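Novice: Below are the structure tokens for one structure; questions will follow.
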Amino acid sequence: MRDAGREPGRATRRAAWAGAVLLMWVLAAGAAQAGDQAWTRDQVSQGLQAQGRAVSVRYEPGPRSPVMAPTARITGVYASRDYDSTARVSTRLCWGSEQGPCVPLQGRSIETRAFDGRAARGPLLLVHRVEGWGNDHPPLFVRGTVTVWFSGE
């Protein structure tokens, strides 16, 4: 039988390890309750044909998205856009319709909590508008991705 007084560090290490495991378990349970489910859609816009004329692309959960209750609420949104052109394009991320609420993308993407609490089924829209053609010409196609994190099933 070992003398407990001879190895005080061992008991301390065990207690610290058990405490760390308990903390990780509590944090993982909290994250699951906080809503780390998500749906993602990737789409390409129809061709933008005219400067100043908006083209919107609607994003909603797809057939492979997690099952969610009508009461599921947004806890965060990520959106990105990409296109092969020298044209200047402004893009807004909107919830519900083109009238919004909306937030502008600064650069290629945005991560926002502006829609927190709204219905997770959306729809969300990326609304693209050519501000100037640069050296290019119509049509211009914009690839977009929207990811919605939600809580509630």
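Novice: Suppose we keep only residues that are open to solvent by 70 Å² or more (accessible area, probe 1.4 Å) and in a strand (DSSP E or B) within region 79-103. Which one would you say is nearest to Trp149 (Cα to Cα)?
Specialist: Once the filter is applied, the top-ranked residue is Arg92.
Novice: What is the residue count in region 132-151 for residues that are open to solvent by 70 Å² or more (accessible area, probe 1.4 Å), within 30 Å of Pro66 (Cβ to Cβ) and not in a strand (DSSP E or B)?
Specialist: Number satisfying all stated conditions: 1.
Novice: Under 6 Å by Cβ, and 6 or more places apart or on different chains, what pairs join a residue from region 119-137 that is of a type outside the set (A, V, I, L, M, F, W, C) with one that is surrounded by fewer than 17 Cβ atoms within 10 Å (Cβ to Cβ) and not in a loop (DSSP other than H, G, I, E, B)?
Specialist: Pro123/Arg58; Arg129/Ser90; Glu131/Arg88; Glu131/Ser90; Gly132/Arg88
Novice: Something else: Please go through region 88-108 and pick out each residue that is β-branched (Val, Ile, Thr) and at pLDDT below 95.
Specialist: none
Novice: Let me ask something additional. Residue check: is Val44 at pLDDT 95 or above, open to solvent by 70 Å² or more (accessible area, probe 1.4 Å) and either aliphatic (A, V, I, L, M) or touching a Cys at 6+ places or on another chain (Cβ under 7 Å) (or both)?
Specialist: Yes; evaluated as a whole, the condition is true for this residue.
Novice: If you don't mind, another one. Being of a type in the set (S, T, N, Q), assigned to a strand (DSSP E or B) and at negative phi is the requirement here; does Gln43 meet it?
Specialist: For Gln43, the condition - of a type in the set (S, T, N, Q), assigned to a strand (DSSP E or B) and at negative phi - is met.
Novice: A follow-up question, please. Determine whether Arg129 is of a type outside the set (Ser, Thr, Tyr), assigned to a loop (DSSP other than H, G, I, E, B) and either open to solvent by 20 Å² or more (accessible area, probe 1.4 Å) or modelled with pLDDT under 95 (or both).
Specialist: No; evaluated as a whole, the condition is false for this residue.
Novice: When region 104-126 is examined, which residues are found to be surrounded by fewer than 17 Cβ atoms within 10 Å (Cβ to Cβ), within 16 Å of Val89 (Cα to Cα) and not charged (D, E, K, R)?
Specialist: Passing the criteria: Pro104, Gln106, Gly107, Ser109.
Novice: Contact list please: Cβ distance under 8 Å, first residue in region 87-104 and under 17 Å from Val77 (Cα atoms) and touching a residue at least 40 places away in the same chain (Cβ under 8 Å), second residue part of a strand (DSSP E or B) and hydroxyl-bearing (Ser, Thr, Tyr), pairs at least six apart or on different chains.
Specialist: Leu93/Thr112; Glu98/Ser56
The values are calculated or read from the model by the stated rules, or taken from the named source; none is laboratory data. The structure presented is a predicted model; accordingly, all values stated were derived computationally and were not measured. Counting neighbours? That spans all protein chains shown, and the Cβs are built from the backbone with ideal geometry, glycine included. Accessible surface areas use protein heavy atoms only, side chains included; no ligands, DNA or RNA. Shrake-Rupley method; radii C 1.70, N 1.55, O 1.52, S 1.80 Å.
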